[in-house]
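This report concerns only the one structure given below.
The values are calculated or read from the model by the stated rules, or taken from the named source; none is laboratory data. It should be emphasised that the depicted structure is a prediction, and the values quoted were computed from it without experimental measurement. Don't worry about glycine lacking a Cβ; one is built from the backbone with ideal geometry, like all the others, and counts go over all protein chains shown. The protein model used for the area step is the full one, side chains on, heavy atoms only, and it has no ligands, DNA or RNA in it. Shrake-Rupley method; radii C 1.70, N 1.55, O 1.52, S 1.80 Å.
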Amino acid sequence: MNTVVTQNKVAQAKTDIRKAKPENIKAFLTEIGEKPFRAKQIHEWLWKKSARSFEEMTNLSKQTRDKLQEHFVINPVAVQEENRSSDRTIKSMFQLHDGHAVEGVLIPTDTRMTACVSSQVGCSLSCKFCATGYMERKRNLDAAEIYDQVVMISQQAEENYQIPLSNIVYMGMGEPLLNYKNVLESIEHITSPKGLNMSPKRITVSTAGIAKMIKKLGDDEVKFNLALSLHAANDQKRDQIMPINESNTLEALQEALNYFYDKTGNRVTFEYIVFYNFNDTLEDARELWEFTKRVPSKVNIIEYNPIKEADFQNTEADRLDQFAAFLENKGVIVNVRRSRGKDIDAACGQLAIKKK
Ligand code: SF4
């Protein structure tokens, strides 16, 4: 066995301090003869200052830092590769401590600096138009791994554009609601004054549509925004592109979203990618309008970025315009989202770790 493997095993045997409960950290501090109030300082180093090592915690004694180091580990996420688009989008590949990798994207616009983050390594939902859907789901990210992506993308925004991060979308790799606990915990840290202190109104979690978990969001009275990847407003079409629809039909989603709205007062955003000759006719727009009447909602129409794994194509500009105009004329709140970062495979649905 080589030294690196041995060291990794030792590192893995230690507890990840960002997963430890505050009471356990306090108990540890008492055990080593430290004052329990040090736990607050450690929390601040870990979450507010994003310390990557115990060495950085300079208001703790050297002895305490050494003891922490012996007992705990910090597993930070590292930027392994950065790709820059001609439209200023930056895609990063983030290396995780166990050798897996995920992708995250900084999307600068005139009015926003948005971080798009991943919640799982791969995805189990196999949406036909999505590059991640062709990867095997390996595991959920923990809260700190999601949080680290936000911190690093935020640093990219400051360093490259001198503008702070304004929005976060959970639209990267994975289905956030199948990693519910860790996603919510990451949002707690992002919104906490002891973390990044961002407003939950600037955070959007996007789901492929898991009715039971949408209701749970309602029960938990979450304050962040919810988006649902709809892409077709009839079951027969949606089944063809999103296998999750077979067990979470439009009727089930409608009921869950109304429940969510009753509990939170938040209207959902329907994400609708317009595929050429699949869901881009005026009849499709009419079905979408009918569906929006049943759920308090708004609609984002999104250009498609073809991937090599699937045959779908982006619709034509005039078909997209007619589609959007139809909805607008019916009084639907519509945003057309032009694609970003296409040249570096950073656009919606294109995230996948490319094997070299
Ligand atoms: S669209 Fe989202 S839920 Fe569907 S396969 Fe891709 S990452 Fe998974």
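Numbers for the structure displayed
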| item | result |
| --- | --- |
| Residue that is nearest to the ligand (Cβ to nearest atom), among those in segment 123-134 that are in a loop (DSSP other than H, G, I, E, B) and surrounded by fewer than 20 Cβ atoms within 10 Å (Cβ to Cβ) | Ser126 |
| Any chance Ser206 is farther than 16 Å from Leu253 by Cβ and modelled with pLDDT of 95 or more | no |
| Residue count for segment 268-296, restricted to those that are open to solvent by 60 Å² or more (accessible area, probe 1.4 Å) and either of a type in the set (Lys, Arg) or within 24 Å of the chain's Cα centre (by Cα) (or both) | 3 |
| Pairs with Cβ under 8 Å, 6+ apart, first in segment 62-90 and of a type in the set (Lys, Arg), second part of a loop (DSSP other than H, G, I, E, B) and open to solvent by 40 Å² or more (accessible area, probe 1.4 Å) | Lys67/Ile32 |
| Top-ranked residue of segment 47-76 - restricted to ones that are among the aliphatic types (A, V, I, L, M) and more than 20 Å from Ala13 (Cα to Cα), ranked as nearest to the chain's Cα centre (by Cα) | Ala51 |
| Residue list for segment 222-243, restricted to those being away from the ligand (no atom under 12 Å from the Cβ), assigned to a loop (DSSP other than H, G, I, E, B) and closer than 19 Å to Leu178 by Cβ | Val222, Phe224 |
| Counted residues, segment 315-348 - those being farther than 17 Å from Ser85 by Cα, in a loop (DSSP other than H, G, I, E, B) and open to solvent by less than 40 Å² (accessible area, probe 1.4 Å) | 2 |
| Cβ pairs under 8 Å, 6+ apart, first in segment 152-173 and over 20 Å from Ser206 (Cβ atoms), second assigned to a helix (DSSP H, G or I) | Ile163/Ala157; Pro164/Ser154; Pro164/Ala157; Pro164/Glu158 |
| Matching residues, segment 244-285, being in a helix (DSSP H, G or I), away from the ligand (no atom under 16 Å from the Cβ) and farther than 27 Å from Pro200 by Cβ | Leu250, Glu251, Leu282, Glu283, Asp284, Ala285 |
| Evaluation of Gln95 against (1) modelled with pLDDT of 95 or more; (2) farther than 27 Å from Asp345 by Cα (one fails), failing number | (2) |
| Cβ pairs under 8 Å, 6+ apart, first in segment 234-262 and closer than 20 Å to Trp289 by Cβ, second of a type in the set (Ser, Thr, Tyr) and more than 16 Å from the ligand (Cβ to nearest atom) | Asp235/Thr249; Leu257/Ser297 |
| Residues satisfying the stated conditions in segment 81-94, i.e. of a type outside the set (D, E, K, R) and surrounded by 14 or more Cβ atoms within 10 Å (Cβ to Cβ) | Asn83, Ser85, Thr89, Ile90, Ser92, Met93, Phe94 |
| Candidate set from segment 297-311 (those that are assigned to a loop (DSSP other than H, G, I, E, B) and open to solvent by 40 Å² or more (accessible area, probe 1.4 Å)); member that is nearest to Thr132 (Cα to Cα) | Glu309 |
| The lone exception for Ile146 - which of (1) in a helix (DSSP H, G or I); (2) at pLDDT 95 or above; (3) within 16 Å of the ligand (Cβ to nearest atom); (4) touching a Leu at 6+ places or on another chain (Cβ under 8 Å) it fails | (4) |
| Looking only at segment 95-122, and only at residues there that are crowded, with 24+ Cβ neighbours inside 10 Å and over 30 Å from Ala13 (Cα atoms), the one that is nearest to the ligand (Cβ to nearest atom) | Cys116 |
| Condition met for Tyr170 (away from the ligand (no atom under 16 Å from the Cβ), buried (at least 22 other Cβ atoms within 10 Å of the Cβ), farther than 19 Å from Ser85 by Cβ and not β-branched (Val, Ile, Thr)) | no |
| Residue within segment 220-235 that is modelled with pLDDT of 95 or more, over 23 Å from Val334 (Cα atoms), crowded, with 23+ Cβ neighbours inside 10 Å and not polar (S, T, N, Q) present | no |
| Condition met for Gln155 (in a helix (DSSP H, G or I) and either of a type in the set (Gly, Ala, Ser) or open to solvent by 50 Å² or more (accessible area, probe 1.4 Å) (or both)) | yes |
| Residues (open to solvent by 10 Å² or more (accessible area, probe 1.4 Å) and of a type in the set (Val, Ile, Thr)) located in segment 236-263 | Ile244, Thr249 |
